[in-house]
Amino acid sequence: MAISVVMPALEMAQETGKVISWLKKEGEAVSKGEPLLEIETDKAVMEIESPGDGILAGVKVGAGADVPVGRTIAWIVRAGEAPPAEEEVAESGRKKSTSAATVASSHRTSSAAQPSGRLVKISPKARRLANERGVSLADVCGSGPGGEILASDILAATESKAPMPTAASETISATSRLMAERTTESWTTVPHFFVTREVDATELNQMRQKLGSEIAISQGVKVTHSDLLVFVVARILAKYPRVNASWTGKGIRENAEINVGLAMAVDDGVVAPVIRNADKAGLEEIASRRRDLTERARSGKLRPADLAGGTFTISNLGMFGVDAFTAIIIPPQAAILAVGAIAERVVAVDGHPAVRPTITLTLSSDHRVVDGARSAQFMSDLAQAITLLSSSGLMQP
């Protein structure tokens, strides 16, 4: 029995998906779970797996097509089996039929009903020109027999419109559009509250150099400041379940897992793939997962599971030389940590000026979930853990 391949709904409120490429050719054998095609959603390009074993047949759409969620785009059939024949369905839900008379009518003058109720006669060439040039038939007077609109009438209407100078515009991708919508919604509906701390990063630098060298030698994975921050933050979050909680719309839900998202810039926006159960993962494992997620994010190969289930996010712009910034919360998460650059600054040490490497951290919290005092306590413990990293006990196996 044939198995349908449908455009899946991978995200909330997703209405369509765009086919990027087929990874299998029509007529080729496929196995259940094997990558079948790549689609683009509002967040990223993702691989879709085959729903069964068989042969790919009846491919209905090619690369570049936008397809409504739930629409059949191909079939998986048994050897010798033909894909089911489907009748085309119009948007109204009624079956469309094509007759010889209908086909013939496309080669002669046709009629078009306008919103005003006026019936206009128009030649096929004129209709094509009107569609190409964006001319409204309601604005055109036909010069042909019986008021028929001719191609010359469309050209005259086009020339009579003085072009208005317009600024250059840029078409954005689905990922960028969704990011703009969600950040706007978050900023306008979530009561953001900010707490900032400047933290001595001496031990953070030393620990990265020491452990980074050891791990690089044994596993070939380069440890970054972000890896260390994910490691430390996840363990401090375990002490503050409210900071790791979510706003449900009706109340607060404390999440059972600590899944830390890392905001990453890609060509057309920002994604935040998730390191799951980060509080239970060692530094080496976190570094390895981060490297894998970064490589797949840059190549557009993130999977739906990579972006799902985050309970807290870290956004690090330190590599761009940014001293400090505030980040916008990703609902339904309750908080996000903005990380600035590590730079040498003059600070007071035992009452005397001294030069120390420092890092500026800013916590953005949803005040419905995390009040000011709890935010301050979380940041105080986080700052202490970073400052005393070697003696805090967090780095012990």
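The values are calculated or read from the model by the stated rules, or taken from the named source; none is laboratory data. Everything numeric here is computed off the predicted structure, so don't read it as measured data. Ideal geometry is used to build each Cβ from the backbone, glycine not excepted, and the neighbour counts take in all protein chains shown.
Looking at VAL346, VAL355 in this structure, which one is surrounded by fewer than 11 Cβ atoms within 10 Å (Cβ to Cβ), touching an Asp or Glu at 6+ places or on another chain (Cβ under 6 Å) and without any contact (Cβ under 8 Å) to a residue 40 or more places away in the chain? Going through VAL346, VAL355 in turn, the sole match is VAL355.
In the stretch 363-370, is there at least one residue being among the basic types (Lys, Arg), in a strand (DSSP E or B) and touching a residue at least 24 places away in the same chain (Cβ under 8 Å)? No, every residue in the stretch 363-370 fails to be among the basic types (Lys, Arg), in a strand (DSSP E or B) and touching a residue at least 24 places away in the same chain (Cβ under 8 Å). Taken as a whole, the condition of being farther than 18 Å from ALA245 by Cα, exposed (fewer than 15 other Cβ atoms within 10 Å of the Cβ), of a type outside the set (A, V, I, L, M, F, W, C) and in contact with a strand residue (DSSP E or B) (Cβ under 9 Å, 6 or more places away or on another chain) applies to THR326. Residue by residue through the stretch 342-383, note down the ones that are farther than 27 Å from ILE328 by Cα and out of contact with any strand residue (DSSP E or B) (no Cβ under 8 Å at 6 or more places or on another chain). Those that are farther than 27 Å from ILE328 by Cα and out of contact with any strand residue (DSSP E or B) (no Cβ under 8 Å at 6 or more places or on another chain): ASP350, GLY351, HIS352. Residues that are in contact with an Asp or Glu (Cβ under 8 Å, 6 or more places away or on another chain), free of Cβ contacts under 8 Å to residues at least 24 places away in the same chain and closer than 21 Å to GLU38 by Cβ do occur in the stretch 290-298.
Residues in the stretch 286-301: is at least one crowded, with 21+ Cβ neighbours inside 10 Å, in contact with a Phe, Trp or Tyr (Cβ under 8 Å, 6 or more places away or on another chain) and part of a helix (DSSP H, G or I)? Yes, the conditions are met somewhere in the stretch 286-301. Within the stretch 261-288, being farther than 19 Å from ALA335 by Cβ and touching a Ser or Thr at 6+ places or on another chain (Cβ under 6 Å) holds for ASP268, GLY269.
Of the residues making up the stretch 141-166, those that are within 12 Å of SER123 (Cβ to Cβ), at pLDDT 75 or above and outside any helix (DSSP H, G or I) number 5.
Filtered by the rule that a residue be under 24 Å from MET46 (Cβ atoms), at pLDDT 95 or above and buried (at least 17 other Cβ atoms within 10 Å of the Cβ), the stretch 264-280 gives VAL274, ILE275, ARG276, ALA278. Identification of strands (runs of 3 or more DSSP E) wholly contained in the stretch 1-98 with 1 or more residues that are at pLDDT below 85 yields 16-22, 35-40, 45-49, 66-68. The lone criterion from (1) outside any loop (DSSP other than H, G, I, E, B); (2) over 17 Å from LEU204 (Cβ atoms); (3) under 18 Å from the mean Cα position of the chain (by Cα); (4) hydrophobic (A, V, I, L, M, F, W, C) left unmet by VAL346 is number (3). When the residues of the stretch 302-323 are filtered to those that are assigned to a helix (DSSP H, G or I), within 14 Å of the chain's Cα centre (by Cα) and surrounded by fewer than 17 Cβ atoms within 10 Å (Cβ to Cβ), the one that is modelled with the highest pLDDT is ALA305.
Output the number of the condition that GLU185 fails; it satisfies all remaining conditions of (1) part of a helix (DSSP H, G or I); (2) over 25 Å from the mean Cα position of the chain (by Cα); (3) at pLDDT 80 or above; (4) acidic (Asp, Glu). Here GLU185 clears every test but (2).
Residue-wise test of (1) of a type in the set (A, V, I, L, M); (2) touching a His at 6+ places or on another chain (Cβ under 7 Å); (3) exposed (fewer than 13 other Cβ atoms within 10 Å of the Cβ).
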{"site": "PHE193", "(1), (2), (3)": "no, yes, no"}
{"site": "ARG197", "(1), (2), (3)": "no, no, no"}
{"site": "GLN206", "(1), (2), (3)": "no, no, no"}
{"site": "LEU237", "(1), (2), (3)": "yes, no, no"}
{"site": "PRO241", "(1), (2), (3)": "no, no, no"}
{"site": "GLY249", "(1), (2), (3)": "no, no, yes"}
